[in-house]
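K.L.:
Here it is, the structure in full.
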Amino acid sequence: GAGATLQCLAARAIVVDAVAVNVSLSGAVAVFSISLGALPPAAALTIAVGAGGGAGGAITVEPAQLAWAAQTWQAQAVRVTVVADGGWEKLLAAAAPVLSFAVASTDSDYKALALPALQLRPLDDTCAPLAPPPNATVVPAGCGGAR
């Protein structure tokens, strides 16, 4: 019946375990994972991950392409880091830095799925904490946290 079809389609899903990615000035690696629903793909499935919104050349994404097959469809980790030479400046200058996804498969159910872009949030985590005077709030210049 219609209920079984809906359940089958709902079981074919792509799940990203983040709503945004904090990328760090210190070079720390941001990690999130992408997994599939309860049913494996009937055919090979790939998801390309890349920088968008002006963030090209500002970050590295490893791996840049994820692949699944009917026999191997476990969750996969994606690692994002800021490029050491000039990446931070490019990221801050980007109009709307995001990670974008392109899904490809001959499995018609998975091929029909589109993933929304993830916002890239620059996080300046290089400033050493200061010992503030009693009853004072101190925010060092240039240490605004997420922007």
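The values are calculated or read from the model by the stated rules, or taken from the named source; none is laboratory data. Keep in mind the model is a prediction, meaning the values are calculated, not measured. Here the Cβ is made from the backbone with ideal geometry for all residues, glycine too, and neighbour counts use every protein chain on show. Quick note on the areas: whole protein, heavy atoms, side chains included, nothing else; ligands and nucleic acids left out. Shrake-Rupley method; radii C 1.70, N 1.55, O 1.52, S 1.80 Å.
K.L.:
Identify the single condition in (1) closer than 17 Å to A18 by Cβ; (2) over 18 Å from the mean Cα position of the chain (by Cα) that A43 does not satisfy, given that it satisfies every other one.
P.N.:
(1)
K.L.:
May I pose another question? Could you say which residue among Q65, Q74 is modelled with pLDDT under 90 and open to solvent by 30 Å² or more (accessible area, probe 1.4 Å)?
P.N.:
Q74
K.L.:
For the range 1-101, please list each of the strands (runs of 3 or more DSSP E) lying entirely inside it that holds at least 1 residues being in contact (Cβ under 8 Å) with a residue 40 or more places away in the chain and under 19 Å from L115 (Cα atoms).
P.N.:
14-16, 20-24, 30-36, 45-52, 76-82
K.L.:
Now a separate question. Of the conditions (1) of a type outside the set (D, E, K, R); (2) open to solvent by 20 Å² or more (accessible area, probe 1.4 Å); (3) under 28 Å from T126 (Cα atoms), L91 clears all except one; give me its number.
P.N.:
Status for L91: all satisfied but (2).
K.L.:
Regarding D107, is this residue closer than 19 Å to V15 by Cα, surrounded by 15 or more Cβ atoms within 10 Å (Cβ to Cβ) and either of a type in the set (D, E) or in contact with a Lys or Arg (Cβ under 7 Å, 6 or more places away or on another chain) (or both)?
P.N.:
Criteria met by D107.
K.L.:
Given (1) at pLDDT 95 or above; (2) among the hydrophobic types (A, V, I, L, M, F, W, C); (3) surrounded by 14 or more Cβ atoms within 10 Å (Cβ to Cβ), identify the lone condition not met by A55.
P.N.:
Evaluating A55 over (1) at pLDDT 95 or above; (2) among the hydrophobic types (A, V, I, L, M, F, W, C); (3) surrounded by 14 or more Cβ atoms within 10 Å (Cβ to Cβ) leaves (1) as the failure.
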